[in-house]
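Undergrad: Quick one: structure below, then a few questions.
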Amino acid sequence: MAESQAKTSAQGFTKKQSSMITLGSVLLIFFIAASGMSLGFIQGPMLEKINAIDMFSLITTISTVALCIMTPIGGRLVDIYGVRKVILYGGALCLITNLILPFASNKFLFLIVRFLMSLGMGAFVTAPYLMAPMVVAPKDVPKIMGYLTISLAVGSLAGSYFSNILSANGMLTIGVLWPAIFLVASMALCLPNLPQQPKSATVKLDVKGVILLSLTLIFICIPLTFAPSMGFGNPMIWGGLVLGIICLVLFIMVEKKVSSPLIPMYLFKNKEYTMLLVITFLSVFYMTAMNSYLPQAMRQITHTEESVIGIFQLPRTIVQLILPSFIGIWLTKNIAKRTATSLSITGICLGVCFTFLVWFGVHMPVWFVIVCITLTGIADSFRAVSTTPAAQQLLTKADIGIGTSLVGFAISLSNVISACVDGFAWDSLRLAHEGIGGLTEGADTIFLIAAVTGYLTFILAFFVYRVMVNKRNKAAEK
């Protein structure tokens, strides 16, 4: 009897099943990161190859919005069908479209395939974070989050590094396809070891909510994408934004009334959980600035070599390989209280990093940029390991799927909004002032936005969230 219990994890899985699912989760995160970074680098050359480079912004926006929309839907589908089916069907859609994408011969087919691939990925993008509490005891969840954070860092580096090499050597097809190996491996490890879950009799998919959320994001994000080129005073731009706001209001009204909402509004009555989402949103707002516009600034303003741009995030990645495991162990002693400290450190690191980069110019040394970006590795390590376990502590079992996915949704939404805001700042200033001057103003403005969101992260984490946690802890002691 004792021997049998020793072979079983705290959540009813055998140790072998727990290990296989954990490894599968790590590989799934690796695929998500590597595929995203590879496509970020290779999509441009692929569109040039089929004479569709003019659709780059539209395709990027639509695919990002699709991923964002599908994140909360994926969480709700987990509540309805279970994580196994979501990984099976979402993974199958993502894999098939991944295999088709390199062979899309015209821009409309490329757009459709890219859109479907993002939908498939969005369905399971938070699945690894949902599987962690399934296979380990709650106190060990931060350790698993540490492993996932490391995998995310390695996948991002591998995606950017290999895509640069493959693109330079004309092997675009391989550049798109190679991450799919890790998706197949993850599915092979997870699916046989995850339990079959019957369809929920109480939770239904809120179709009205899905439609209204989709329209909200489309009507807001696409006009912001084209505002710099069409002019912010264009009636079509304002018309789209107004329609987006109307759809948002309707979405909130519908979600309050339906019995099984896509995003349960009652979750936001928990002020601590809501504050975690807000802080998460702000703490990843910088990513567009770092991943998209900093490399562009290095190319066009300081004329840095491509080989250097390809590895300027290497020290950041090394930090993310080492630090998360230690943070995970440290967090297990008091997740809620130390999450506040973690997020405060995140905000300070981001604020300091981008404050220095606000003075980006033609004489900015590469080593200084690398040092600044390394601070974001520290910030991301503290943020990624702490937020999901802290959020899950505040959720009931019935809401664990959608509640965890809303953390991922906050990240996806932040990426969508930051892409629109940063794109508007970059294009507006670049077009308003020709040459290096306009490019520099655009880059400095984007870095200023990133610095402000970093300091806001610190302020909310230290002066608001920390107070909430302390208040809850004192109430629990009584």
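Undergrad: Can you give me the ranges of the helices (runs of 4 or more DSSP H) entirely in the range 231-347 with at least 3 residues that are open to solvent by less than 70 Å² (accessible area, probe 1.4 Å)?
TA: Values: elements: 235-257, 271-283, 294-300, 306-309, 314-331.
It comes to 235-257, 271-283, 294-300, 314-331.
Undergrad: What are the residue pairs meeting all of these: first residue in the range 454-477, first residue free of Cβ contacts under 8 Å to residues at least 60 places away in the same chain, second residue outside any helix (DSSP H, G or I), Cβ atoms under 7 Å, and 6 or more apart or on different chains?
TA: Cβ pairs passing all conditions: none.
Undergrad: Hey, can you tell me all the residues within the range 187-207 that are surrounded by 14 or more Cβ atoms within 10 Å (Cβ to Cβ) and without any contact (Cβ under 8 Å) to a residue 24 or more places away in the chain?
TA: none
Undergrad: Which one of the conditions (1) in contact (Cβ under 8 Å) with a residue 60 or more places away in the chain; (2) part of a helix (DSSP H, G or I); (3) not hydrophobic (A, V, I, L, M, F, W, C) does residue 361 fail to meet, given that it meets all the rest?
TA: For residue 361, the exception is condition (2).
Undergrad: Within the range 404-414, can one find any residue that is assigned to a helix (DSSP H, G or I) and more than 17 Å from the chain's Cα centre (by Cα)?
TA: Scanning the range 404-414 turns up no residue that is assigned to a helix (DSSP H, G or I) and more than 17 Å from the chain's Cα centre (by Cα).
Undergrad: Take the residues of the range 422-444 that are assigned to a helix (DSSP H, G or I) and open to solvent by 50 Å² or more (accessible area, probe 1.4 Å): which is farthest from residue 225 (Cα to Cα)?
TA: So, considering only residues that are assigned to a helix (DSSP H, G or I) and open to solvent by 50 Å² or more (accessible area, probe 1.4 Å), the one farthest from residue 225 (Cα to Cα) is 436.
Undergrad: Can you find a residue in the range 98-108 that is open to solvent by less than 40 Å² (accessible area, probe 1.4 Å) and basic (Lys, Arg)?
TA: Within the range 98-108, none of the residues are open to solvent by less than 40 Å² (accessible area, probe 1.4 Å) and basic (Lys, Arg).
Undergrad: Here's another thing I want to ask about it. Determine, yes or no, whether residue 418 is open to solvent by 10 Å² or more (accessible area, probe 1.4 Å) and out of contact with any Cys (no Cβ under 9 Å at 6 or more places or on another chain).
TA: no
Undergrad: Let me ask another. Within the range 348-357, work out how many residues are crowded, with 18+ Cβ neighbours inside 10 Å and more than 13 Å from residue 378 (Cα to Cα).
TA: 2
Undergrad: Here's another thing I want to ask about it. Quick check on the range 23-62: of everything there that is part of a helix (DSSP H, G or I), among the polar types (S, T, N, Q) and surrounded by fewer than 23 Cβ atoms within 10 Å (Cβ to Cβ), which residue is modelled with the lowest pLDDT?
TA: Quick first cut of the range 23-62, residues part of a helix (DSSP H, G or I) only: 23-49, 53-62.
Next, only the ones that are among the polar types (S, T, N, Q) stay: 25, 35, 38, 43, 57, 60-61.
This time we only want the ones that are surrounded by fewer than 23 Cβ atoms within 10 Å (Cβ to Cβ), so: 43, 57, 60-61.
On the way: 43: 81, 57: 71, 60: 77, 61: 78.
Only one residue fits best here, namely 57.
Undergrad: Now for a separate question. Is there a residue being under 16 Å from the mean Cα position of the chain (by Cα), buried (at least 17 other Cβ atoms within 10 Å of the Cβ) and on the phi < 0 side of the Ramachandran plot anywhere in the range 361-376? Talk me through it step by step, then tell me what you get.
TA: Initial filter on the range 361-376 (under 16 Å from the mean Cα position of the chain (by Cα)): 376.
Filter once more, so that each one left must be buried (at least 17 other Cβ atoms within 10 Å of the Cβ): 376.
Within this subset, residues satisfying the condition of being on the phi < 0 side of the Ramachandran plot are 376.
Yes; the residues of the range 361-376 include at least one that is under 16 Å from the mean Cα position of the chain (by Cα), buried (at least 17 other Cβ atoms within 10 Å of the Cβ) and on the phi < 0 side of the Ramachandran plot.
Undergrad: Answer yes or no as to whether residue 12 is open to solvent by 30 Å² or more (accessible area, probe 1.4 Å), small (Gly, Ala, Ser) and out of contact with any Ser or Thr (no Cβ under 8 Å at 6 or more places or on another chain). Can you show your working first?
TA: Details: open to solvent by 30 Å² or more (accessible area, probe 1.4 Å): yes; small (Gly, Ala, Ser): yes; out of contact with any Ser or Thr (no Cβ under 8 Å at 6 or more places or on another chain): yes.
Judged against the criteria, residue 12 is a match.
The values are calculated or read from the model by the stated rules, or taken from the named source; none is laboratory data. The shown structure was predicted, so the numbers you read here are calculated from the model rather than taken from an experiment. Cβ atoms come from the backbone with ideal geometry, glycine included; neighbour counts cover every protein chain shown. The accessibility values were calculated without ligands, DNA or RNA, using every heavy atom of the protein model including side chains. Shrake-Rupley method; radii C 1.70, N 1.55, O 1.52, S 1.80 Å.
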